[in-house]
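The values are calculated or read from the model by the stated rules, or taken from the named source; none is laboratory data. Because the structure is predicted, anything quoted here is derived from the model rather than measured. Don't worry about glycine lacking a Cβ; one is built from the backbone with ideal geometry, like all the others, and counts go over all protein chains shown. The area values use the complete protein model at the heavy-atom level, side chains included, leaving out ligands, DNA and RNA. Shrake-Rupley method; radii C 1.70, N 1.55, O 1.52, S 1.80 Å.
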Amino acid sequence: MGLIVRALTRRNIAAIVAGVLLAGAPLIAFDFWLSGLIDRQGQEEVDISAKRAIALAESRVTQVIATLDGLAARGVDSCRPSDVEAMRQAAFDTMPVKEIAVIGPDGQTLCTHLGLPLGQRKMVASEPLVGANWYSFDIIQLENGQPMVRLRRQVGAGPNGIAALVPAFLFLPLISTQGGPFSAYAHIATANSTIIAHIGERPDAVDAAFVANTKSDKFGFDAEISMPRGHVIAGHAKLQWLGLFGTGAMLMILGVFSMLMPRRAPGNPVAEIESALKAGEFVPYYQPIVDIRSGQLRGAEVLVRWRKADGTLVLPGAFIPLAESSGLIREMTSDLMRRVCAEAGHALGCRPALKISFNFAGQLFCDEGIVKDVRKIFAGSPIKLSQVVLELTERDPIENFTETRQTIAAFQGLGVRIAIDDVGTGHSGLSYMLKLGVDIIKIDKMFVDAIGTDRNSTTIVETLVDLAHNMRMDVVAEGVENFEQVMYLRELGVRSAQGYVFAPPLPGKSFLQLVEAIDPRPATATEPKTEMADAQASAQVSAA
Ligand code: C2E
Ligand code: CA
Ligand code: CA
């Protein structure tokens, strides 16, 4: 018996070794590939996050400096009512600023734009701000423990200075590059290495596989992002499961593995978006915009959806940030415009009063040749450029103000109108955005939600409507969900609104049926007349 075993072992040993090697090689290669993918994505994510953190901090500080310089130029340095009024206006105009104050010679707050009694404030750190003469960068702790950044400057030769308070957490991004909540560790520090703000737990040195450090050339800030490797691995749980399944199959049948390989999803999210673009998986949905005085349809906003081959529909929050950071947003937006021309060109072209809005990422306004591209796309379509609206969000900082303003002017020269989206949520502040010379402002859902519950919000909407009317701009209210809000908005003088109370974003076919039902036109030879409107959507709109 022992002899047989020994003989068998000797005879088969070479075959067994060859088999294990043959089966094991692809398995090791797969693991190697997966690990490489994780490394690349992890490092890419922290690098981009660190750059975003610096861009955010720089834009916050630039905004505050512009505001304080404006006040200093006007000689605001006392608690006189006229100075407090100027501070109040400046605080309202500069979104991240929570308080503007007059500061005495020894650093104590003398009064604030709010005119309220001051709570206890503790100065935690203070240093001159690199890159901005006159300025000190202080870190203050309020009575409730909240850390605030205080930017402070002298005004002329007088004893007093002025300062603005911004919550320290606003110096770090709260959303990850993938669109979800920011879940890595991040901190931002001053030129003297004092931590301004941090998010999350700093991973142990052993875990922290991905670390990025970026320095601000402008103000000397330092951003550090670190993310445990396990974090990226967790994000690939599905892929790992697939990998396990794949490698199991490899061990059983090497040939099957090689046949499955090309069909496997690439796993790199940017590559996935790229191939989905090629496959035409990004499709337009249309959310009606309604005239709340007459109930008539005024047009629609195009909202992109990723319709995957398996039928799942992915919302833009999950892929737009990556499309923007990878530069694919330009092709995605052009493709979307072409699709809208093909799908809704006839319906919109024969109803010139209807407008069609596209979300236009801020970076596209700095993209050379974009105006020409858009003109070309619509040149072959019945949709006139005067029907096109481009929405620029206030949510993200403007990368290059001068270029953006020039591109906006060039679009307007063609008859295209420009809207500021998400007004009230932004990094930039409305007064800054208005310098871009836009035509429409879209009031964010946040203020619409607060209608009827919060007096302040009504005042803000009222102020925005007044401002818009004075500057001959149109106003659109977003995210309107109930009739109480419709009534309020109507009373406040808002003309147009969109939201679930009228209709959700609709697929092309339903939107076209709705347009046809509201405003029937004779069918053309090429386009058969659509039947009845989508019952639900039509009921919702006509209820307006
Ligand atoms: P947005 O431009 O502010 O679009 C409005 C969002 O609010 C849409 O979300 C819409 O479905 C949703 N919405 C509309 N009415 C209501 C309502 O009454 N209640 C509630 N709760 N939500 C409502 P969606 O489609 O998920 O789009 C999210 C964001 O993605 C958009 O926000 C826009 O910033 C961006 N986005 C969408 N399509 C594009 C695109 O083609 N290009 C770019 N760059 N961004 C896009
Ligand atoms: Ca929008
Ligand atoms: Ca919006």
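Surface analysis of region 28-102 yields an accessible area of 44 Å² per residue, using protein heavy atoms and a 1.4 Å probe.
What the phi angles of region 106-115 give under the Karplus curve with 6.51, -1.76 and 1.60, with θ = phi - 60°, is a coupling list of 9, x, 7, 7, 8, 6, 10, 5, 7, x Hz, glycine and proline written as x. Accessible surface for region 322-456, divided over its residues, is 39 Å² per residue with a 1.4 Å probe.
Between Tyr135 and Leu129, the built amide H atoms are under 5 Å apart, and every one of these is 5 or more places off in sequence or on another chain.
When both bridge partners sit in region 276-543, DSSP labels roughly 40% of those beta bridges antiparallel.
Among the protein heavy atoms of region 276-543, carbon and sulfur supply 52% of the accessible surface, probe 1.4 Å, non-protein parts ignored.
Peptides 375-385, 286-296 ranked from most to least packed by the mean count of surrounding Cβ atoms within 10 Å: 286-296, 375-385.
Computed over protein heavy atoms with a 1.4 Å probe, the carbon and sulfur contribution to the accessible area of region 39-173 reaches 56%. For the set Ser326, Ser136, Ser457, the ranking by accessible area, highest first and with no ligand, DNA or RNA atoms included, is Ser326, Ser136, Ser457 under a 1.4 Å probe.
Taking all protein chains as they are arranged and a probe of 1.4 Å, the heavy atoms of His113 leave approximately 20 Å² accessible to solvent.
Relative protection proxy for 153-161, 445-453, from highest mean packing down: 445-453, 153-161 (other beta-carbon atoms within 10 angstrom). Considering only alpha-carbon pairs that sit under 8 angstrom and 6 or more positions apart, the relative contact order computed for region 101-180 is 24 percent.
Going highest first, how would you order 126-132, 84-90, 163-169 by mean Cβ packing within 10 Å?
Details: 126-132: 16.7, 84-90: 19.0, 163-169: 20.9.
Most protected by this proxy first, the peptides run 163-169, 84-90, 126-132.
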